[in-house]
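Read the structure below first, then the notes.
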Amino acid sequence: AYLDCEFNGFEGELISMAIVVDKTTYFYEALNCLDPVPWVKENVIPVILKHPISKLSFTAKLEEFLNQYEELEIVADWPDDIKYLCKAMITGPGTMIKTPVLSFHLNRIDASSLIPHNALADALGIICFIKKKKKKNFSDI
């Protein structure tokens, strides 16, 4: 699965998250961002294209999505994406949502996106970039 997150500037709060298995199987949700930094207000908020939900609903939907799988490898192109996913799984001191076995893979790439700064479109861009690269490398062998 491929992960992308949008957040309110450096170390800011999570705004949206996408975990994409394929074009039809994905988690994509957004949270309220009441005080976006100027860059986020201009570049991220207009392209979220998803009504924000409460943190409680977000966490419940994330748990439901992840638990469709017995095991899931999460691929991200930036370390903060993994950080925000891990933080979203924590529900309180010493408590977290139920998850399958998760592994994380960080692959720093510059994938293009049909809608830059939309987490769902960016995660789909990561899939396309990696699959094209693998196909190209495979045919070169």
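Structure data summary
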| read-out | value |
| --- | --- |
| Enumeration of residues in the stretch 63-85 that are assigned to a helix (DSSP H, G or I) and touching a helix residue (DSSP H, G or I) at 6+ places or on another chain (Cβ under 6 Å) | none |
| Residue in the stretch 114-135 that is of a type in the set (S, T, N, Q) and open to solvent by 40 Å² or more (accessible area, probe 1.4 Å) present | no |
| Lone qualifier among 41, 83 - being modelled with pLDDT of 95 or more, over 23 Å from residue 129 (Cα atoms) and open to solvent by 60 Å² or more (accessible area, probe 1.4 Å) | 41 |
| Selected residue (only one of 89, 96 is open to solvent by 50 Å² or more (accessible area, probe 1.4 Å) and either out of contact with any Ser or Thr (no Cβ under 8 Å at 6 or more places or on another chain) or under 21 Å from residue 7 (Cα atoms) (or both)) | 96 |
| From the options 72, 106, residue that is within 12 Å of residue 2 (Cα to Cα), open to solvent by less than 60 Å² (accessible area, probe 1.4 Å) and more than 12 Å from the chain's Cα centre (by Cα) | 72 |
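The values are calculated or read from the model by the stated rules, or taken from the named source; none is laboratory data. Since this is a predicted model, take the numbers as computed values, not measurements. Cβ atoms come from the backbone with ideal geometry, glycine included; neighbour counts cover every protein chain shown. The area values use the complete protein model at the heavy-atom level, side chains included, leaving out ligands, DNA and RNA. Shrake-Rupley method; radii C 1.70, N 1.55, O 1.52, S 1.80 Å.
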